Structures are given as structure tokens and as C-alpha cells.
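Note sheet for the following structure.
The values are calculated or read from the model by the stated rules, or taken from the named source; none is laboratory data. All of these numbers come straight from a predicted model, not from anything done at the bench. With ideal geometry, Cβ positions are generated from the backbone for all residues, glycine too; neighbour counts draw on all protein chains shown. Ligands, DNA and RNA are stripped out before the accessible areas are found, and what is left, the full protein with its side chains, is counted by its heavy atoms. Shrake-Rupley method; radii C 1.70, N 1.55, O 1.52, S 1.80 Å.
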Amino acid sequence: MNPHQLLHPRPEGLYCPPGDFYIDPVRPVERALITHGHSDHARPGHGHVMATAETLDIMAIRCGENFAGATQVAKLGEEVNINGVRVSFHPAGHVLGSAQIAVEHNGTRIVASGDYKRTSDPTCASFELVPCDVFITEATFGLPVFRHPKPQDEIARLLKSMSQFPERSHLVGAYALGKAQRVIKLVRQAGYNETIYIHGALARLCDYYASRGIDLGPLSPATLDQSDRTDFAGALVVGPPSAFADRWARRFPDPVAAFASGWMRIRQRAKQRGVELPIILSDHSDWDELIATIRETGASEVWVTHGREEALVRWCELEGIKARPLHLVGYEDEGDA
Ligand SMILES: [Zn+2]
């Protein structure tokens, strides 16, 4: 069948007419399949939500227990029939619980990858390649200039700075779902065993990761009101990027402002944010990962969702792969990068 009859964009999001469901809709719909818990993909208010158990838990933590009328757990690799359409979820390697969604009908298989990366991440299952006819890819870092360095090397720079400036606190801005836990876990794997201080906005998600077997080591709140400023000398503090602009950040002694994001590749962005120590760490694919994944899926057609669509579409065309941007609205380019 024509793949556009199986999935196509609507204002609410990517819609499957034969299955009568949406993938990551940005407006409330009757039936939603959700790839992962980031807020631009996982919105409250749908009648029925199908997602991995972790994504459902994360939505409940972030949006409240009543985030949907009804929920259904999608087990990874298990095929479910929705109105005659075969649907299955497969790990995307993006954050805990993240999944690609494969949709198959009348011999045509489309994989909606959601956000994904190929670099290994100790806080979530690795991306699983699913061969398909049409691959729907993100393109957050869809330019050849984007090549992410090794995560371990970036974490080593953070630990080196901490040993060079033992009297200063190191404040690491990291998105609350995924990036913060990944930074903490990588720091642990590099051998740092001291207490790490976390902003209150991270507490529930860090607890949840720990409950799913991702040991983040000793964590303490960094939100005490009358804390002695000297308490945090030499400390590692992790908080959401938004916290660093407000008074919260001023309690720490002579802080080194760090920020963990794929965007830290761009020096100007680090400068604009007042980041002294940029840590280039992304939960999205870089250019090499994007093009390798497109090739490996064997897809004869590629649809590009959000990010830098033009370069990736052009690359596909030069490779003889049909490609087009989907122009879906409502997804953040930068939110969780
Ligand atoms: Zn995401």
C-alpha cells in the first residue's frame, strides 16, 4: 500500500487511518502511541495511551496519575494488532523507556523512531535496528558538522576540572529526564563515589531510575534553604538548565557553570548561556549515526520529522533514497538535546 495511507501528518500529529491512532500527538486525541517521556512527545489528556511501562510511569510522574483515560503497556518486541494494523515497540536508545514504533499493514512497514541515538548509554536499552520500507527519523543534529565526541571523554573533562578547582562547586545543567541521570551514571562509572547534589526537580526521576535498577550512587538535595555556602565547596551539583538562571544557583561557592548538551558543540551557544565548561553530551544521533541508521534500515523512503531536515533530505536524495520533511509542528528542537 502507499505508505502515506498508513501514516500521515495531521495537525494533531502523525496519524494512522486504518489503525485510527496517532503517534506522539501534540493535541489530545482518542488513541495515542507514545515513543518516550519527553514533554513534547508525551502530553497529557489522551483517551487511551499505549507506551512502554517506563514511559507510562514517567508520564505519571511528570503529568500526574490521571494523565490519560486509559493506558496499555507495550512490551518491547511484542506485536499487537490495532484495528488490523500490526504494531510493535523497539528500543530507541534515547532515554529510559524510549521506543521506536513499527507499524505494518498490507506488506508495508513504517518505523517511527521518535528521538534516538546509537551511542551506548548506561541508563537505557540500546537502539535496535528494525528493517523497514519507510523510516521516520529525527534530525536534531542533521548537519555534517555535528559529530558528538565520546561521552567518557567529556565526563573526564568534568572530573579533571573538579580536581583542578577543589574549592569551587561544579554546577552541571542537564535536562531532567535522561540527560541528568546519564551524566550522574557516567560520573559514577568514571569512579566518582562522593555524594552528588541534585536540584529538587530531578529527585523523583532519579528515584525512578534507581527503582528500575539504574544505580546512581549517593544523591542529596541541593535545595536546602539556609545551607552553609562552604558546604558545597568542591561539590558536584546537577540541576535542570532553567534552575541556573535563578537565585538557586547563587548559593554555591564560586561555581563552575557546566552544561551537558549536544548543542555545546557550538561555542557561541555555550558563551550565550554563560557556560564555562561545555560538556558535549547528546541523547540524539549525530550526523554519522543518522546516515548509518538510514542505510542500515534498508528503507527506500525516509521521512524527516524535526530538526535540520534539508541537509538530511538532500543526503538521502543523493543516495537514491526518496525523502521528504514531514513538517510536524509542536516538537522542540532543543528541549532535550
Ligand atoms: Zn526526546
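Ignoring ligands, DNA and RNA, please state the percent of accessible area on the chain from carbon and sulfur, probe 1.4 Å.
After summing per-atom areas, the C and S share lands at 48 percent.
With the other protein chains left in place, how much accessible area per residue, in square angstrom, belongs to the chain at a 1.4 angstrom probe?
In whole numbers, the chain has 41 Å² accessible per residue.
Please list, ordered by chain and number, the residues whose modelled amide H lies under 5 Å from the amide H of R109; skip anything fewer than 5 residues away on the same chain.
When sequence neighbours closer than 5 places are left aside, the close amide H contacts are D133, V134.
Calculate how many DSSP beta bridges within the range 11-90 are antiparallel, expressed in % of all such bridges and rounded to the nearest 5.
On the way: 6 of 17 bridges.
So the antiparallel bridges amount to about 35 percent of the total.
For F127, F141, give the ranking by accessible area with the largest first, probe 1.4 Å. Before the final figure, lay out each step's value.
Details: F127 30, F141 0 Å².
Putting F127, F141 in descending order of accessible area: F127, F141.
Write down the percent of antiparallel bridges among all DSSP beta bridges whose residues are both part of the chain, to the nearest 5.
35 percent
Order S211, S113, most accessible first, counting only protein heavy atoms with a 1.4 angstrom probe. Before the final figure, lay out the partial values.
Numbers: S211 80, S113 0 Å².
Result of the area sort, largest leading: S211, S113.
What is the packing order of peptides 36-44, 306-314, taking the mean over residues of other C-beta atoms within 10 Å and listing the highest first?
Top of the packing list down: 36-44, 306-314.
Could the peptides 70-83, 178-191 be put in order, highest first, of the mean number of other beta-carbon atoms found within 10 Å of their residues?
Numbers: 70-83: 13.9, 178-191: 21.3.
Result, highest mean first: 178-191, 70-83.
Give me the distance between the Cα centres of the range 180-205 and the range 49-126, rounded to whole Å.
26 Å
For A190, what charge total do you get from the other residues with a beta carbon under 14 Å from its beta carbon, if Lys and Arg give +1 and Asp and Glu give -1?
With Lys, Arg at +1 and Asp, Glu at -1, the net is +3.
In the chain, what is the count of Lys pairs whose alpha carbons are under 28 Å apart, counting only pairs at least 8 residues apart or on separate chains?
The result is 18.
Could you rank the peptides 252-258, 132-138 by their average count of other C-beta atoms within 10 Å per residue, with the highest value first?
Working: 252-258: 18.6, 132-138: 24.6.
Put in order of decreasing packing, that is 132-138, 252-258.
Given the protein chains as shown and a 1.4 Å probe, how many square angstrom of M162 are accessible, to the nearest 10?
20 Å²
Which of rounded, prolate or oblate describes the chain when judged by the alpha-carbon gyration tensor and an a/c cut-off of 1.5? Don't skip to the answer; put the middle values down first.
Numbers: a/c = 2.29, a/b = 1.65, b/c = 1.39.
Prolate.
Over the chain, calculate the relative contact order: mean separation of alpha carbon pairs under 8 Å at least 6 apart, over the residue count, as a percent.
Relative contact order comes out at 17 percent.
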